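Peer 1: Quick one: the structure is below, questions incoming.
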Amino acid sequence: DEFLEPVTASFMEKLIVQWRGLDQKYMVGDTKSDAIPPPSDYFLGFKSPGTSIWGRLRYAGLYTQRLYSIDTNRVIIKVSCPSYRLMDVAEVLKLKVRTLEGNTFAPFRQDMIDIFKPLNDPLELGGSPSAMFGGFSFSSADRQNIIDFIIRSRIRDSGAELGEATVKRPSGMDNLGRMIQARVPLHMPGKLEAIFQVWVYFWRRENWTGGRDGKSLTHDPMDLEQKDSFTTKSSRSLDDERPEAGKKEKDLESDIPSLFKRLFLGAFYQPLTSIEEYFGEKVAFYFAWLQHTAAHLVVLTAVGLIVFITQVSTGNWDTPLRPYFAVFVMMWTFVVLVNWKKRANFLAHEWGTMNYQEQETTRPQFHGEYVRDPITGEDVLMYPKWKRWLKYCISIPVTLLFTFGTLFVILWVHANRDLQLARYLDQKHGDTKSNAFQLQFGLSAFGQKRPVVELDITSEVLYDPVFLFLLAGMPGILGLCLPLVNFILMRLSVLLNNFENYRTVSEYRSQLIIKVFSSRFVSHFAVAYYYSFVSIGNETAIQNGFLRVAAAVLIYSTVARWWENFLHVAFPILIEKIRRRNFNAKLSDELREIELEEEAIARLSDSGMSEEVKKRQIAVVNRRLLLDQAQDDTWLELMRPAHDSFPEYIQAVIQFTFVSCFSVVLPVTPLICLVNYLISMRLDAYKLCKGRRRPLAEKTGGIGVWEHLLHIVAVISVLTNCWLIGFTSSQFIWIGEQVGQVSLFAIVVCWEHFMLLIKYILQTAISPLPKTVRDAMKKERFVLDEQRNKSMRKRGRRSQYHRQSQHGGPKVLQDPTVDEMSIASSVDETEYSFAELPYHGNSGSLRLTPKHRREIAVETGLYSA
C-alpha cells in the first residue's frame, strides 16, 4: 500500500519555491511504498498533530479510539484506561478511597485492596472489563481525575504531556497540548437518567418508595435490585406467596406521603452523594450551597412575612419592628455563613476531600517568555509583573468607564420614571396638562429633588393601576434588558482578564470575580442605594424612598432573575437544537450525494472497471465510512456548550445580597429569594443533565473563593442595615432629635462595629467542624496511634530476636504471629536508633539504662560526646 504524506507547505512557501525554480517534489508528499499500513482507527496523517497526540496517549498506556466527521479536520479520540494502570496511578497519587469502615477514607494501596469499599452501581460500571480489577472499581469521578493526571503528566513520568505548555520543549512539542480543543468526559446514559429522574422530578411517587424519604432522595442501585427481585417474587404462581407480597406492596403504598408533602419536603433535598460521584465535588458543593441557603431562608421568610403583614395592616413602611428585624437579618447572615462552614466540612469529610488543597493548573492561554528556573534548571514560561501593571493602567480605566456608563443609563431610566410619576400625579390633581409619558433626554433629568422626595403618596395612589404601571414600567423594561447588559459586561471582563494574562486558573478566576461582581453590584444595587440614602429627612421623603427601593428590589429579583433563568436554560437548548438540525441536514445531503455517486459507479462498472472507476469507488467507500462515524452520538453530545458554574455562583451571591441588605426595606424579599433558590436548584439540574456537556470532575473542599465573597457581602449587609435604620427609622430619627446628629452618627457607628464584633466572635468561637466529624477524626487518630504503637512493639521484638541470634543467646521472640521479616504497618515509620537496644519483659515497654540513654543522645545528636 502507498501512503501519501499530506502537504504541509503554506501558500507563500509554494509561491517562493515556484518563483525560485526549486524542486517541488517535497510539497507533493512523501511516498512510502513499502510501509506497513497503520491501523485505520488510529491513522490521522504522518505529520499531523493528531498522530502525535494519539502516539502520546498510547505511550502513556491509554486505550484510544478515533471518531471522524465529514470534515476530516475534526476528530474525536476516545480515551479509556485499563484497570492495572488506574491502580498504579491511584497508588502514586495516594488517592483517598472509601473503606469498608463506614465513612472513613484511606490512601489507595493495591496490596490492601480488600479494605476498600467496592463500587456496587451497575449503572456506572456498565459491565466494562477495563474498569474493574479483582471486583474493585473506582468511581467515575476518580477515573476522570486519574486519566486527566496521566494526560497532563510528563512523558518521562510515563504520561502523555498534553497539558498546558509551561516548560520549553524541543521541536514545538510544548505546544501540542494547546491543539486539543476540549477534554470532555462522556455521559453514562443509564446513570445520568437515574440521577435526572430523582433530582428533577423529585415529587414522583416512585422516588419515595423503597424506604426513601425527603432526606434520602438519592439514586440507590440496591433499591432498584430489591424492587426488581420483589416484583419477580410477587409474580410467582404460588398461591401462598401472593397474599404476603400483596400486603407488603400495600404497606409500601400506604407509606408514600401526599403530593403536597412530597413537593414541600423534596424541594429542599437533593441527591448530593450521587451528584458528587458523577459530576465531582466542585459541582456538588454549588448545589449544596443552594440547598443550605434555601433551608435557612425558611426561618427568615416567616419572620419577614410577620413584618410585612404589620406594614400592610398599619399602612406604614416604617414600623417599630424594623430595627429588630434588621438585627435579626444580620444575625441570620452570620449564622448562615457559620453553619455553612460546618456543612461544607461535613460534606468534605463524607466525600474524602477534607483539607484538600487544589492543585494550581496553568491556563492554556497563558503566554510569556521562557526563562531559566534556578531551582529546576528548566526553561519555564514567565510573564513580567511590570507588564501586567502596565495593562492594569488600561483595564482599570476601561472597567470604570463601562461601569459608570451602565450606572448612568440605569439612573437616567429611573430619573425619567420619577418625572413621569410627578407629571401623572400633577395631571391627576389638575395642576398641569403635560404628558406623563414624555421622556426627558439629557442631564436635566438628574438632580430634580421634587419627583423623588416630595410626592404625596397616599393609599389611593398606591391602588391606582396607572401609577403602578409607571412605577414599574420602565424599571421592568430595564430588568428585561439587564441580562443583555450583564452579558456585555461579562464579555468585557473576560476580554480584560485575558488581556491581563494570568498564569493560574485560581488567579484568573479571582480577578474575574472582582470585575464581574463589581459591575453586577452596580447594575443591581446602585438604584436601591441611591434611593435609600437620597430620600431622607422627613416622613414623606422616607416613604417615597421606600416605595422606589421596594419596586427596584422586587423587579430585579423577579422579572430580571426569571428572564435570565429562561435565557440561560432555554436559549442554549434552542441553539443546540438548531445546530443538530443543521448537522442532520448536512448528513442527509452527504448521504444523498453518496447514493448518487454509488449509482453512477454501478452504471460505469457495467462497461468495465477502469482505473478511474476504482478510484471513485475507493473514494465513495471512504466517504461512507466517514458518514457512519459522523452519525455517532458523541458528536451530538459535543455540540452542547461547556458547563461553567461562574454565572450560577454570581446569581446565587446576588440573591444572597438582596436578602441580607434589603430585606429591611421589603420584608418579602426572603420569600422571593427562597422561591428563586428552589427554582434554581431544579433548573440548574436540568441544564446540567440535558443542556450541557459533562464537566470534568474536580476535587475541592468547599466553594472556594466564593465563600470569601460571601463574607464580604456579610460586612456590606452590616453597613447597609445599620445606616438604613439609622437614617430612615422613626426611632433613630427621634434619637437624633434628642441627642443631635453627631451623637446619632456615633451611635450608628458603634452599633455597626458591635455587629461586626459579633460576626467575628461567631466565626472564631464556634468550631467549624460538626461533632460527628470531630468524633470521626478523633477515632481515625486513635486507630492510627494504635497501629503505630503496634508496629513499634513488633519492631522491638524483631530487633531483640536479631540480637539474640547474632550473639548465640536464646531467642525470646514471644509473639509467634510475627516472623523475622514481617512489617505490619499501614503508615510510613522511621527507624529509631534505640530499636536495637535490649528489650526487657513482654509488656511492650522499653527499659533504658543511663548508658543506653547516653548512647541514644550521642547517636541522635542531642549533645556531643
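Peer 1: Test L724 against the criterion of being buried (at least 21 other Cβ atoms within 10 Å of the Cβ) and either under 24 Å from F308 (Cα atoms) or without any contact (Cβ under 8 Å) to a residue 40 or more places away in the chain (or both), and give yes or no.
Peer 2: Values: buried (at least 21 other Cβ atoms within 10 Å of the Cβ): yes; either under 24 Å from F308 (Cα atoms) or without any contact (Cβ under 8 Å) to a residue 40 or more places away in the chain (or both): yes.
When the stated conditions are applied, L724 passes them.
Peer 1: Continuing with this model, one more query. Among (1) under 18 Å from I150 (Cβ atoms); (2) of a type in the set (G, A, S); (3) modelled with pLDDT under 75, there is one condition G45 misses while meeting the rest; what is its number?
Peer 2: The one condition G45 does not meet is (1).
Peer 1: Still on this structure: Just need a number here: residues in region 425-442 that are modelled with pLDDT of 70 or more and under 13 Å from M474 (Cβ atoms).
Peer 2: 0
Peer 1: How about region 567-618: which of its residues are modelled with pLDDT of 80 or more and small (G, A, S)?
Peer 2: Scanning region 567-618 gives A570, A585, S588, A600, A602.
Peer 1: Listed residues V485, V453, V461; which is modelled with pLDDT of 85 or more, crowded, with 16+ Cβ neighbours inside 10 Å, among the aliphatic types (A, V, I, L, M) and closer than 30 Å to R423 by Cα?
Peer 2: Values: V453 fails: modelled with pLDDT of 85 or more; V461 fails: modelled with pLDDT of 85 or more.
Matching residue, one of V485, V453, V461: V485.
Peer 1: Quick check: is even one residue across region 393-403 more than 30 Å from Y531 (Cβ to Cβ) and surrounded by fewer than 19 Cβ atoms within 10 Å (Cβ to Cβ)?
Peer 2: Step one: of region 393-403, the residues more than 30 Å from Y531 (Cβ to Cβ) are 393-395.
Going one step further and asking which of them are surrounded by fewer than 19 Cβ atoms within 10 Å (Cβ to Cβ), we end up with 393-394.
Looking through region 393-403, at least one residue is more than 30 Å from Y531 (Cβ to Cβ) and surrounded by fewer than 19 Cβ atoms within 10 Å (Cβ to Cβ).
Peer 1: Quick check on region 131-154: of everything there that is open to solvent by 50 Å² or more (accessible area, probe 1.4 Å) and touching a helix residue (DSSP H, G or I) at 6+ places or on another chain (Cβ under 7 Å), which residue is modelled with the highest pLDDT?
Peer 2: Only one residue tops the list, namely F149.
Peer 1: Provide a single number: the residues in region 655-677 that are farther than 16 Å from H568 by Cα and either in a helix (DSSP H, G or I) or charged (D, E, K, R) (or both). Let's see the steps before the verdict.
Peer 2: Keep residues of region 655-677 that are farther than 16 Å from H568 by Cα, which gives 655-675.
With either in a helix (DSSP H, G or I) or charged (D, E, K, R) (or both) added as a condition, the list becomes 655-662, 669-675.
Qualifying residue count for the region: 15.
Peer 1: How many of the residues in region 594-614 are over 16 Å from R624 (Cα atoms) and of a type in the set (D, E, K, R)? Walk me through how you get there before you give the answer.
Peer 2: Let us first name the residues in region 594-614 that are over 16 Å from R624 (Cα atoms), namely 603-613.
The next check asks that each one be of a type in the set (D, E, K, R); those that pass are 603, 606, 611-612.
Residues meeting the conditions: 4.
Peer 1: Do any residues in region 633-653 that are open to solvent by less than 30 Å² (accessible area, probe 1.4 Å) have Cβ atoms under 6 Å from those of residues that are modelled with pLDDT of 90 or more and of a type outside the set (A, V, I, L, M), where the two are at least six apart or on different chains, and which pairs are they?
Peer 2: S645/Y286; E648/D684; Y649/W706
Peer 1: Name the residues in region 155-168 that are modelled with pLDDT under 80 and in a loop (DSSP other than H, G, I, E, B), would you?
Peer 2: Residues satisfying the conditions are G163, E164, A165, T166, K168.
Peer 1: Limited to region 680-706, what total is found for residues that are over 21 Å from R509 (Cβ atoms) and open to solvent by less than 10 Å² (accessible area, probe 1.4 Å)? Full working, then the answer.
Peer 2: In the first step, residues of region 680-706 are kept if they are over 21 Å from R509 (Cβ atoms); the result is 681-683, 685-686, 689-691.
Filter once more, so that each one left must be open to solvent by less than 10 Å² (accessible area, probe 1.4 Å): 681, 685, 689, 691.
Matching residues across region 680-706 total 4.
Peer 1: Look through region 78-99, keep the residues that are hydroxyl-bearing (S, T, Y) and in contact with a strand residue (DSSP E or B) (Cβ under 6 Å, 6 or more places away or on another chain), and return whichever of them is most open to solvent (accessible area, probe 1.4 Å). Don't jump to the end; show me each part of the working.
Peer 2: Filtering region 78-99 down to residues hydroxyl-bearing (S, T, Y) leaves 80, 83-84, 99.
Right, trim to in contact with a strand residue (DSSP E or B) (Cβ under 6 Å, 6 or more places away or on another chain) and you get 80, 83, 99.
Working: S80: 45, S83: 18, T99: 13 Å².
This residue is S80.
Peer 1: So, of the residues in region 169-203 that are assigned to a loop (DSSP other than H, G, I, E, B), surrounded by 14 or more Cβ atoms within 10 Å (Cβ to Cβ) and at pLDDT below 85, which turns out to be farthest from the chain's Cα centre (by Cα)?
Peer 2: Only one residue fits best here, namely R169.
Peer 1: Suppose we filter region 52-63 for residues that are surrounded by fewer than 16 Cβ atoms within 10 Å (Cβ to Cβ) and either part of a strand (DSSP E or B) or among the aromatic types (F, W, Y) (or both); how many remain?
Peer 2: Qualifying residue count for the region: 2.
Peer 1: Would you check which residues across region 733-762 are open to solvent by less than 30 Å² (accessible area, probe 1.4 Å), part of a helix (DSSP H, G or I) and not basic (K, R) and list them?
Peer 2: Filtering region 733-762 down to residues open to solvent by less than 30 Å² (accessible area, probe 1.4 Å) leaves 736, 740, 744, 748, 752, 755, 759.
From the residues that got through so far, the ones that are part of a helix (DSSP H, G or I) too are 736, 744, 748, 752, 755, 759.
Result: G736, L744, V748, E752, M755.
Peer 1: Would you mind finding the one in A526, A541, A560 that is under 30 Å from K690 (Cβ atoms), buried (at least 16 other Cβ atoms within 10 Å of the Cβ) and among the hydrophobic types (A, V, I, L, M, F, W, C)? Outline the logic, then answer.
Peer 2: Working: A526 fails: under 30 Å from K690 (Cβ atoms); A541 fails: under 30 Å from K690 (Cβ atoms).
It is A560.
Peer 1: Go through S535, S493 for me and flag whichever is of a type in the set (S, T, Y), farther than 24 Å from E707 by Cβ and open to solvent by less than 40 Å² (accessible area, probe 1.4 Å). Walk me through how you get there before you give the answer.
Peer 2: Numbers: S493 fails: farther than 24 Å from E707 by Cβ.
Testing whether each residue is of a type in the set (S, T, Y), farther than 24 Å from E707 by Cβ and open to solvent by less than 40 Å² (accessible area, probe 1.4 Å) leaves just S535.
Peer 1: Scanning region 312-345 for residues that are open to solvent by 10 Å² or more (accessible area, probe 1.4 Å), polar (S, T, N, Q) and more than 20 Å from L757 (Cα to Cα), which turns out modelled with the highest pLDDT?
Peer 2: For region 312-345, the residue satisfying everything is N345.
The values are calculated or read from the model by the stated rules, or taken from the named source; none is laboratory data. Please read all numbers here as calculations on a predicted model, not as lab measurements. Ideal geometry is used to build each Cβ from the backbone, glycine not excepted, and the neighbour counts take in all protein chains shown. Note: accessible area is taken over every heavy atom of the protein model, side chains too, but ligands, DNA and RNA are not part of it. Shrake-Rupley method; radii C 1.70, N 1.55, O 1.52, S 1.80 Å.
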